[in-house]
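The values are calculated or read from the model by the stated rules, or taken from the named source; none is laboratory data. Because the structure is a prediction, the values reported are computed rather than measured. Reconstructed Cβ throughout: ideal geometry from the backbone, glycine too, with neighbour counts over all protein chains shown.
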Amino acid sequence: MNIKRVSELTGVSADTIRYYERIGLIPPVPRHKSGVRNFTEHEIGILEFVRCFRKAGMSVESLIEYIALLEKGEGTEEARLALLVEQREEMDARIDELNQARERLNYKIENYENQIQKREHELFDENKES
């Protein structure tokens, strides 16, 4: 499958796919004789894994480290687990920050809604007296 089709399939831009390949985040993609990349299910699976973890906030550096450990195979399970646990803790911290920001946003929205309601009541009362 060519890079354009993989980009459409995964939602990762062709430029990003090329970048990921260049820095070793995804393995070198086999190429046709003409030089066009020919993605297999293996590379697509890794790309989808990377996309998911990038969306979760995992840094490119951490992903490179994780994939290197994954490629080493047996004996790296504890290190991989530690990386994933660290990522979960960082994600939980970001979620907490977002929840705090959401609470503040809700507070501001509620204040504006109360001000609008108060003005509407005042206008209604003024019109009633006229």
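Details
For (1) in contact with a Gly (Cβ under 9 Å, 6 or more places away or on another chain); (2) over 30 Å from Ile95 (Cα atoms), each residue gets a yes or a no:
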site: Ser13; (1), (2): no, no
site: Val29; (1), (2): no, yes
site: Gly35; (1), (2): no, yes
site: Glu43; (1), (2): no, yes
site: Val50; (1), (2): no, no
site: Ser59; (1), (2): no, no
site: Ser62; (1), (2): no, no
site: Ala68; (1), (2): yes, no
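- Top-ranked residue in segment 37-75 [being of a type in the set (Val, Ile, Thr) and assigned by TED's automatic domain parsing to the domain that holds Thr16; ranked as nearest to Leu9 (Cα to Cα)]: Ile44
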